[in-house]
Amino acid sequence: MRQRFTIEQGDITTYAVDAIVNAANTSLLGGGGVDGAIHRAAGPALLEECRTLHGCKTGEAKITGGYRLPAKHVVHTPGPIWRGGKNGEAQLLENSYRNSLTVAWKNGCRTVAFPSISTGVYHFPLDQAARIAVRTILDFLEEHPDMEHVTMVCFDVNTRWAYDAAIQEFMA
Ligand code: APR
């Protein structure tokens, strides 16, 4: 599985993969952070399609076209807002990763790129989020041998280090 999962530092809007995942909110009507970057790069047609989806529950995922993005599709998932860790946040974050991969896979996507869901504005502790993300992605790759490649695209070096540490821990 390890060779089908890589951790990189970069800007997810530049990835020419079958699907990039958007760390959205439940309205699916755009926002700041990676959500804002994806909508800016995709252009207004993305928001138009998002309006037809009537939102998305936390931990669930919905797919749209990629429009002006190099990626063919965008999979939108609202991750959990961190509220101290006793409100099911860990399970909801796992659901976001798993449901995003499932929706992408069901729509024929075989290369997927993720941002670090919920670790920005939603304040999910980075190290814990990285462990959940790595475990969930590697489990999915084991269950789906035809999922070609998954990339975790880290926007900054601290995020990159957290995911590198998580994968070392997992592979130890
Ligand atoms: N490419 C990759 N990662 C990015 C990019 C980018 N272009 N821009 C930001 N990021 C990273 C952030 O640095 C962070 O590590 O995405 C991660 C997630 O941070 P947020 O975008 O703040 O997302 P999240 O914490 O899930 O909060 C979601 O923020 O933007 C709003 O509408 C969004 O309400 C929702 C909330």
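The values are calculated or read from the model by the stated rules, or taken from the named source; none is laboratory data. Predicted, not measured: the structure shown is a model, and the values here were computed from it. As a convention, Cβ positions derive from the backbone with ideal geometry for all residues, glycine included, and neighbour counts pool all protein chains shown. When the accessible area is computed, the model is the full protein with side chains, heavy atoms only, and any ligands, DNA or RNA have been set aside. Shrake-Rupley method; radii C 1.70, N 1.55, O 1.52, S 1.80 Å.
List of remarks:
- Applying a threshold of 8 Å to beta carbon distances and a minimum spacing of six or more residues, or different chains, the list of pairs starting in the stretch 17-39 at a residue that is closer than 18 Å to THR151 by Cβ and near the ligand (Cβ under 8 Å from one of its atoms) and ending at one that is open to solvent by less than 30 Å² (accessible area, probe 1.4 Å) and among the charged types (D, E, K, R) reads ALA23/ASP35.
- Residues satisfying the stated conditions in the stretch 126-170, i.e. assigned to a helix (DSSP H, G or I), of a type in the set (Phe, Trp, Tyr) and open to solvent by 10 Å² or more (accessible area, probe 1.4 Å): TRP161, PHE170
- Look at (1) outside any helix (DSSP H, G or I); (2) closer than 25 Å to ARG110 by Cβ and you find that HIS123 fails only one, number (2).
- There is no residue in the stretch 85-92 that is in a loop (DSSP other than H, G, I, E, B) and open to solvent by less than 20 Å² (accessible area, probe 1.4 Å).
- Restricting attention to the stretch 61-79 and to residues that are assigned to a loop (DSSP other than H, G, I, E, B) and farther than 13 Å from GLU49 by Cβ, the residue that is farthest from the ligand (Cβ to nearest atom) turns out to be LYS72.
- Looking only at the stretch 93-105, residues that are open to solvent by 10 Å² or more (accessible area, probe 1.4 Å) and of a type in the set (A, V, I, L, M) come to 1 in all.
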